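Heads up: the structure comes next, in structure tokens.
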Amino acid sequence: MSVNTVLIVDDSAADRTNLELIVNNAGCRVLTADSGQNALKLAEENHPDLIFLDIIMDDMDGLQACRSLQEAERTRDIPDVMISSKSNKADKVWAMEQGARGYITKPYSEEQVLDQIKRF
């Protein structure tokens with residue numbers, strides 16, 4: 001699978017902008033959402049090739065969004081990569097159990113983000 005469109009989900013405008021720059025520079029089209037609820041809507045409407053999801057958000061955290069995306073027939077095939085300041089092994093294992101296909105710990109490097117894009 002080739003990644004052409006990436007959905008970036010983070011409630012922090014600074015983090016969204018930083019990721020958007022990295023993903024744009026990789027030649028991908030970028031969609032952004034500031035909440036889990038908005039992510040579900042955008043994923044359903046646009047079917048991106050990859051989703052980067054922050055875990056800690058107010059209205060619906062990234063883990064809840066990941067579960068919902070994996071349960072929905074139209075979005076279950078979209079790989080979700082969690083991006084979080086939570087760095088415990090248990091957090092990573094739990095994210096994978098929710099359906100995440102990758103995990104990047106903040107602060108992250110451009111190379112880590114690009115490696116995830118190349119994986120899919």
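Taking a ≥ b ≥ c as the square roots of the Cα gyration tensor eigenvalues, with a/c under 1.5 meaning rounded and otherwise prolate when a/b beats b/c, else oblate, which class fits region 43-120? In terms of gyration-tensor shape, oblate. Quick one: grab the alpha carbon gyration tensor of region 6-45, order the square roots of its eigenvalues as a ≥ b ≥ c, and give me rounded if a/c is under 1.5, else prolate or oblate depending on whether a/b is larger than b/c. Oblate shape, in that a/c is at least 1.5 and b/c is the bigger or equal ratio. For the chain, the 222 nm mean residue ellipticity estimated from helices alone, with every DSSP H stretch of n ≥ 4 adding -39500 (n - 2.57) and the total spread over all residues, rounds to -13000 deg cm²/dmol. Note: relative contact order over the chain, using C-alpha pairs below 8 Å and six or more positions apart, is 25 percent. Under 17 Å of direct C-alpha separation, and excluding same-chain neighbours fewer than eight residues apart, Lys118 reaches no lysines at all. Aspartates and glutamates near Lys41 by alpha-carbon distance under 17 Å, same-chain residues fewer than 8 away left out - which ones? Straight-line reach from Lys41, under 17 Å: Asp10, Asp11, Asp49, Asp54, Asp58, Asp59, Asp61, Glu71, Glu73, Asp77, Asp80.
Laboratory data are not the source of any read-out in this text; all were calculated from the coordinates shown. Remember, predicted model here, so these are calculated numbers, not experimental data.
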